[in-house]
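Shown next, in structure tokens, is the structure this report addresses.
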Amino acid sequence: MNGYYPVMLQLRGERCVIIGGGRIAERKAIGLMEAGADTVILVSPRITARLQELVACGSLQWNCRTYEPEDATDARLLFAATDDSGLNRRIADDGRRAGALVNTVDGDAGRGFLNPSVVRRGDLLIAVSATGASPALSARIKRELERQYGEEYGYSVEQLRRLRDYVKADVSEPGERETLLRLAAEEVPIRDHADMEPKAWVERLRAKRPLD
Ligand SMILES: C[C@@]1(CC(=O)O)C2=NC(=C\c3[nH]c(c(CCC(=O)O)c3CC(=O)O)Cc3[nH]c(c(CC(=O)O)c3CCC(=O)O)/C=C3\N/C(=C\2)[C@@H](CCC(=O)O)[C@]3(C)CC(=O)O)/[C@H]1CCC(=O)O
Ligand SMILES: NC(=O)c1ccc[n+]([C@@H]2O[C@H](COP(=O)([O-])OP(=O)(O)OC[C@H]3O[C@@H](n4cnc5c(N)ncnc54)[C@H](O)[C@@H]3O)[C@@H](O)[C@H]2O)c1
């Protein structure tokens, strides 16, 4: 076991702090925003043009200066994303002392968290990691998954969620609930957008494979 444990973090309302403003900090910032993080703070004397645009439209806060240890205080996630590996190590130590989860972009992968490569299709989120052995392999597998799981999965997962809410409220027998939800998951992706009303869908599933 290499010690890595995958989780899905809910970042709404959580303070995410990125130290550095280069190409890699930009990728981390965009990944946070795609996840719906609403409190993202950049600390760097220089930032990329794309990051400047995001600051200008109010999506990110930018503290235009070099790192100070106080930046690590109260961060839920802290990214040490400068081009100075000694500094990245100090940032990571400060962050851990302050109780933050820390990502270090330059290879100090033994502690803290790593970013996986991500495919998003609405509420379907597929994350791939080679846990530092090969980011290039993670990116390649992501491209393969993007082809296999197209945009239609976004709509499908939305419908599956509605169906599940309906079934949880309306089907009391646990075995029947599980069978219906498993059969529905096997039907996706849904290409025909007609009649995905949960009630009608359940009726069709029951007709397709009658339940005891
Ligand atoms: C998945 C992804 C997510 C993201 O960054 O958000 C990510 N790297 C991506 C791409 C990528 N990064 C690099 C290449 C060039 C090929 C190569 O070097 O292999 C490519 C390929 C490309 O660009 O296609 C270079 C690189 N990466 C790290 C170092 C430092 C080191 O290890 O020493 C260096 C060397 C720098 C140098 O040479 O100086 C370190 C890390 N990169 C990680 C994640 C973590 C491990 C995840 C894993 O193993 O799965 C980890 C440990 C820490 C972290 O950053 O969390 C993102 C995919 C984006 C996508 O989805 O398309
Ligand atoms: N994780 C990955 O996927 C990955 C991929 C390639 C490279 N890297 C590593 O990431 C590092 C950063 O790469 P980059 O392309 O973003 O570099 P870059 O040179 O474009 O950016 C470095 C940033 O750090 C900022 N910085 C420097 N000193 C600072 C300080 N004291 N306080 C605050 N900010 C400071 C600079 O202003 C700049 O914005 C590289 O050195 C490399 O080791 C990681």
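The values are calculated or read from the model by the stated rules, or taken from the named source; none is laboratory data. Keep in mind the model is a prediction, meaning the values are calculated, not measured. Here the Cβ is made from the backbone with ideal geometry for all residues, glycine too, and neighbour counts use every protein chain on show. Ligands, DNA and RNA are excluded from the accessible area calculation, which covers all protein heavy atoms including side chains. Shrake-Rupley method; radii C 1.70, N 1.55, O 1.52, S 1.80 Å.
Check the stretch 115-127 and report whether any residue there is modelled with pLDDT under 95, assigned to a loop (DSSP other than H, G, I, E, B) and not assigned by TED's automatic domain parsing to the domain that holds Asp84. No, the stretch 115-127 contains no residue that is modelled with pLDDT under 95, assigned to a loop (DSSP other than H, G, I, E, B) and not assigned by TED's automatic domain parsing to the domain that holds Asp84. Take the conditions (1) more than 14 Å from ligand 2 (Cβ to nearest atom); (2) open to solvent by 70 Å² or more (accessible area, probe 1.4 Å); (3) free of Cβ contacts under 8 Å to residues at least 24 places away in the same chain; Ser85 misses just one of them, which is (1). One residue stands out among those in the stretch 133-189 that are of a type in the set (Ser, Thr, Tyr) and either within 16 Å of ligand 2 (Cβ to nearest atom) or touching a residue at least 12 places away in the same chain (Cβ under 8 Å) (or both): the one that is surrounded by the most Cβ atoms within 10 Å (Cβ to Cβ), which is Ser156.
Total residues in the stretch 2-52 satisfying the condition of being away from ligand 1 (no atom under 14 Å from the Cβ), charged (D, E, K, R) and within 20 Å of Arg120 (Cα to Cα): the figure is 2. Considering only residues in the stretch 83-94 that are part of a helix (DSSP H, G or I) and farther than 15 Å from Leu42 by Cα, the one that is farthest from the chain's Cα centre (by Cα) turns out to be Gly86.
Restricting the stretch 8-44 to residues that are over 17 Å from Asp71 (Cβ atoms) and within 6 Å of ligand 2 (Cβ to nearest atom) leaves a set whose member that is most open to solvent (accessible area, probe 1.4 Å) is Arg23.
In the stretch 192-206, is there at least one residue being open to solvent by less than 90 Å² (accessible area, probe 1.4 Å), in a loop (DSSP other than H, G, I, E, B) and closer than 30 Å to Gly107 by Cα?
Looking through the stretch 192-206, none of the residues is open to solvent by less than 90 Å² (accessible area, probe 1.4 Å), in a loop (DSSP other than H, G, I, E, B) and closer than 30 Å to Gly107 by Cα.
One line per residue, one yes/no per condition, for (1) modelled with pLDDT under 95; (2) over 24 Å from the mean Cα position of the chain (by Cα):
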{"residue": "Leu101", "(1), (2)": "no, no"}
{"residue": "Leu137", "(1), (2)": "no, no"}
{"residue": "Tyr155", "(1), (2)": "yes, no"}
{"residue": "Asp165", "(1), (2)": "no, no"}
{"residue": "Glu178", "(1), (2)": "no, yes"}
{"residue": "His193", "(1), (2)": "yes, yes"}
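Is it the case, given these coordinates, that Ile47 is open to solvent by 40 Å² or more (accessible area, probe 1.4 Å), assigned by TED's automatic domain parsing to the domain that holds Asn88 and either on the phi < 0 side of the Ramachandran plot or of a type outside the set (S, T, N, Q) (or both)?
Against the criterion (open to solvent by 40 Å² or more (accessible area, probe 1.4 Å), assigned by TED's automatic domain parsing to the domain that holds Asn88 and either on the phi < 0 side of the Ramachandran plot or of a type outside the set (S, T, N, Q) (or both)), Ile47 does not qualify.
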